[in-house]
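The values are calculated or read from the model by the stated rules, or taken from the named source; none is laboratory data. Just so it is clear, the model here is predicted, and its values are computed rather than measured. Here Cβ is always computed from backbone atoms with ideal geometry, including for glycine, and neighbour counts include all displayed protein chains. For accessibility, only protein heavy atoms count, side chains too; no ligands or nucleic acids. Shrake-Rupley method; radii C 1.70, N 1.55, O 1.52, S 1.80 Å.
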Amino acid sequence: MCATGTRRDSGNEQPICISRLFINRVFAGIEGKLREGKMAMYALIEKEYKISIRRVGQELQGIAPGLNDAGNLGTMTGPPSLRIVGRYYDSKRRLIEVANNIHPGDRFTYRTQLKIAAP
């Protein structure tokens, strides 16, 4: 199953990303609940099917968005965008979901903070 949508931040008309979700067909029954709430799809699958996500892999890549994606993001095809592809696996190592998100470069910031334990 594949679902595509444009995500927006509350109070801001400009889209923050285009999301394409690819869900394992075992969970095709979840399709009707896609737009009900603000819960992440993997969390909704966990809740509805009583499974646990055990591993997530992410890839970040700078891209030039295609004409269609640039139009949906309200940007041009020239400036760089960021594609984040996440793969979600359950305890049986089964691929549950692939999330392909494209963010306009000028509307995305990735921050991380690491706490180092004392020796």
| said: Take the conditions among the polar types (S, T, N, Q), part of a helix (DSSP H, G or I), touching a Ser or Thr at 6+ places or on another chain (Cβ under 8 Å) and modelled with pLDDT under 95 and apply them to residue 72. Does it pass? | reply: yes
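Inspect all residues belonging to region 67-75 and state whether any of them is closer than 18 Å to residue 5 by Cα and in contact with a Gly (Cβ under 9 Å, 6 or more places away or on another chain).
Taking region 67-75 and keeping what is closer than 18 Å to residue 5 by Cα, we get 67-75.
Filter again for in contact with a Gly (Cβ under 9 Å, 6 or more places away or on another chain), leaving 70, 75.
Yes.
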| request: Inspect all residues belonging to region 42-53 and state whether any of them is out of contact with any Leu (no Cβ under 6 Å at 6 or more places or on another chain), open to solvent by 40 Å² or more (accessible area, probe 1.4 Å), of a type in the set (D, E, K, R) and assigned to a strand (DSSP E or B). | output: no
| message | Filter region 75-105 down to the residues that are without any contact (Cβ under 8 Å) to a residue 40 or more places away in the chain, surrounded by 11 or more Cβ atoms within 10 Å (Cβ to Cβ) and not in a strand (DSSP E or B) and list them by number. | response | 75, 76, 77, 79, 80
| task | Could you check, for region 81-97, whether at least one of its residues is aromatic (Phe, Trp, Tyr), more than 20 Å from residue 4 (Cα to Cα) and either over 18 Å from the mean Cα position of the chain (by Cα) or at pLDDT below 90 (or both)? | result | no
| field | Lone unmet requirement of (1) open to solvent by less than 50 Å² (accessible area, probe 1.4 Å); (2) within 26 Å of residue 91 (Cβ to Cβ); (3) in a strand (DSSP E or B) for residue 56 | value | (1)
| If you check every pair at least six apart or on different chains, which have Cβ atoms under 6 Å apart with a residue in region 3-19 that is open to solvent by 80 Å² or more (accessible area, probe 1.4 Å) first and a residue that is in a strand (DSSP E or B) second? | 7/16; 7/17; 7/19; 8/15; 9/16
| Does region 20-40 include one or more residues that are within 20 Å of residue 104 (Cα to Cα) and either open to solvent by 30 Å² or more (accessible area, probe 1.4 Å) or not in a helix (DSSP H, G or I) (or both)? | yes
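Would it be correct to say that residue 114 is open to solvent by 30 Å² or more (accessible area, probe 1.4 Å), among the hydrophobic types (A, V, I, L, M, F, W, C) and not in a strand (DSSP E or B)? Spell out the reasoning first.
Working: open to solvent by 30 Å² or more (accessible area, probe 1.4 Å): yes; among the hydrophobic types (A, V, I, L, M, F, W, C): yes; not in a strand (DSSP E or B): yes.
Yes.
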